[in-house]
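Contents: one structure, followed by commentary.
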Amino acid sequence: MNTWITVGLGDGITADMPSDEIMEACLRVFHAAGKPLDMAVFTRLESEGRLHCEVIAYFSPSAQGLARAFQAQPCEKPM
């Protein structure tokens, strides 16, 4: 499957905790899967015209199992 997956983590101030949880889980899954080169999770700040930015996590297609654990939803490939 070639679908990217995304989940909002909250604003830049409150996103540290869910971001840390995703990072820890990603490292476990990544190592258990034999460190596949195409498995990744990226985060970025997005504002979309709002006053406060939101931290968004993007899971690569090979990280779908991990993404499901965080109730992430399918999305377009991030640019």
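Nothing in this text is a laboratory measurement; each read-out follows from the coordinates by a stated rule. All figures in this text were calculated on a predicted structure; none of them were measured in a lab. Cβ sites come from the backbone with ideal geometry, for glycine too, and all protein chains shown count toward neighbours.
Kindly provide the trypsin sites (Lys or Arg not before Pro) of region 1-76 that DSSP labels as loop, not H, G, I, E or B, and whose Cβ sees at most 13 other Cβ atoms within 10 Å.
Details: sites: R28, R44, R50, R68; in loops: R50.
Those satisfying the criteria are R50.
An oblate overall shape is assigned to region 1-47, the ratio a/c of its alpha-carbon gyration tensor axes (a ≥ b ≥ c) being 1.5 or greater and a/b not exceeding b/c.
With 5 Å bins beginning at zero, the pair-distance distribution over Cα atoms of the chain amounts to 3, 16, 27, 24, 18, 8, 3, 1, 0 %.
Projecting the Cα atoms of C53, A72, T3 onto the charge dipole of the chain, computed from C-beta unit charges around the Cα centre, puts T3 farthest toward the positive end. Computed over the chain, relative contact order equals 50 percent, with contacts defined as Cα pairs under 8 Å that lie 6+ residues apart.
The angle between the Cα long axis of helix 16-32 and the main principal axis of the chain comes to about 10°, on a 0 to 90 degree scale. Each Lys and Arg adds +1 at its Cβ and each Asp and Glu adds -1 at its Cβ; summed about the Cα centre, the chain shows a dipole of about 300 debye.
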